[in-house]
1. Once phi is turned into ³J(HN,Hα) by the Karplus curve 6.51 cos²θ - 1.76 cosθ + 1.60 with θ = phi - 60°, what whole-Hz value does each residue of region 255-268 show in order, with x for glycine and proline?
2. Need the full-extension length gain, Val295 to Val19, defined as separation in residues times 0.36 nm minus the C-alpha distance. One decimal, nm.
3. When ranked by the protection proxy of mean other Cβ atoms within 10 Å per residue, highest first, what sequence do the peptides 10-21, 65-76 form?
4. Could you tell me which residue out of Ser125, Phe23, Val287 lies farthest along the dipole of the chain toward its positive end? Charges go on the beta carbon: Lys and Arg +1, Asp and Glu -1, centred on the Cα centre.
5. List the GluC sites (Glu not before Pro) within region 423-523 that fall in a DSSP loop (any state other than H, G, I, E or B) and whose Cβ has at most 11 other Cβ atoms within 10 Å.
6. Once every DSSP H run of n ≥ 4 in the chain is given -39500 (n - 2.57) and the sum is divided by its residues, what mean residue ellipticity at 222 nm do you get, rounded to the nearest 500 deg cm²/dmol?
7. Roughly speaking, what is the centre-to-centre gap between region 55-97 and region 196-227 when only Cα atoms are used, to the nearest Å?
8. With charges only on Cβ, +1 for K and R and -1 for D and E, what is the dipole size of region 210-323 about its Cα centre, in debye, rounded to 20?
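Please treat every number below as a calculation from the coordinates, not as lab data. Since the model is a prediction, treat every value here as computed from it, not as a measurement. Backbone-built Cβ (ideal geometry, glycine too); neighbour counts: all protein chains shown.
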Amino acid sequence: MAEFEIAPIDWAVIIIYIVATLFIGYWVGRNTEDSEDYFLAGRTLLWPLVGFSLYASNMSGSSFVGLAGEGYARGIAVYNYEWAATVILIFFVFFILPFYLRAKVYTMPQFLETRFDRRSRVMFSGFTVFANMFIDAAAGLYAGGIVIQMLYPEAPIWIPIAILGVLAGIYTIFGGLSAVVITDTIQAVILIIGSVVIAFLAFAQLDSWDQLVNAAPEGGMNLIQPADDDFLPWPGLFTGVFIIGFYFWATNQFIVQRTLGAKDLNHGRWGALFAGLLKLPVLFLMVLPGTIAIVLYPELPNPDLVFPTLTFDLLPVGIRGFIIAAMIAAIMSSIDSTLNSASTLVTMDFVKHYKPEISQKSLVNIGRLVTFLFMVFAVLWAPQIIQFETLWTYLQSILAYITPPVVVCFIMGIFWKRANRHGAFYSLAIGIPLGITGFFANEIFGMMDIHFLYACFVLLLINGGIMISVSMNTEAPDPDVVEQYTWSKKMYDAETKDLEGLEWWKNYRYQSIVILGITAAIVGYFW
């Protein structure tokens, strides 16, 4: 079993990284006084920055800890969430992103107002702020708290959580999205290098591949699990995983905000596809090392301890500090993203609406204040996550209950011309409280016995029914809005002509085919 001690050289690496990150974040955003610069990086982001930032924001500290922990506890089935994300991103760049950029919105709720009305924007904005703080940021802080608490077990977990929250909050407050994206790109590179080193050393501990297969839980080396599996039954891929994934990758402000800041549609698409490509090796870099830990440490008291245990047991002094810096990079990346996202929502969806005459500088200052307040809220909530079996279970179960009404509004709003403002509002107004009630009734109090991935689909059907019944029994939406913000074959054909002058390797459609082929090969092998 590893002894969690950090040598002076490790501390030096960690401190240098933290100081450098804070300095870069401050330097990038030191002169930011315009709201478009602060919240959308001036809409100038190139595709590598978009892709790395998407990846780093998603592969947060919670992913480092959560994916390895699930690999240890149940095997590789958790990877279904990762390859599904790649497929969803391809769907996103084909059908969803063009509408966002056409509308020139700052936020996802703002798009709902463009397609429906102000009520839907307010409802979804409040929901997203809640989700960003109590799901995304809190999970990242909790993951970091676990790692640091292993170094100082006598310290209450809220102390490292508070320290991490303050560090991430500092450069986010000053720099806005530009600072977030630049630091995310640096962190993504560190993240990838760190996970490659850990994975290589973990695989080197095995005598053979068969040793891993024999040590894994029954069926643990298969992606597809029985329909009665208590973690990820195979029908749950379609009834829950893709629904949760669509919310996260196509409607979640803290993720989509990077593509909104893209230089143009092509850079937004290339960046999103690049992020999808980076998701595919996660099986080998984060999930399988957790499963290998079954061979190395068969009696860990908590699956969420797998990643830090691998770090301290396998790595030499110096490199260990680098990997811990990568962990901190992942944590800070997720936190900075959610803080900037939440401040964007409050500032642009509420403050600017009620004070339209407010100056650009005042908007930026309010955004900084809101970032600070939300940092405090996330720090206060994060310690409560310890009540759940694993971090990954917390993340996925709560999303399964609260995301269906959001998915219904966006999917039906873009693909169904009859969807109207009343249908969208009542789907959100009824669906979100219903989902929260279902989460507490089923997951907290055990009043029902239904898997959260199946409950997700039931709630999707209920919310879809609300959207259809209300829309069909109230007035039709504005045909001009429908024409501009609802997908049609005519749009696809017009885009085909636009792509004719582009080299084939720059065409996102060909890129998508290649990425789908790689995805199919990996899934097929581990089926």
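1. Rounded to whole hertz, the list is 8, 5, 4, 5, 6, 5, x, 5, 4, 7, 4, 4, 5, x.
2. Numbers: separation 276, 0.36 × 276 = 99.36 nm, distance 3.74 nm.
Gain on stretching Val295 to Val19: 95.6 nm.
3. On the way: 10-21: 16.2, 65-76: 27.7.
So the peptides 10-21, 65-76, ranked by packing, come out 65-76, 10-21.
4. Value: Ser125.
5. Values: sites: Glu443, Glu475, Glu483, Glu495, Glu500, Glu503; in loops: Glu475, Glu500, Glu503.
Answer by residue number: Glu475, Glu500, Glu503.
6. Working: 25 runs with 358 residues, N = 527.
The per-residue figure over the chain is -22000 deg cm²/dmol.
7. Result: 18 Å between the Cα centres.
8. Details: 5 positive and 9 negative charges, 165 e Å.
The dipole of region 210-323 has a size of about 800 debye.
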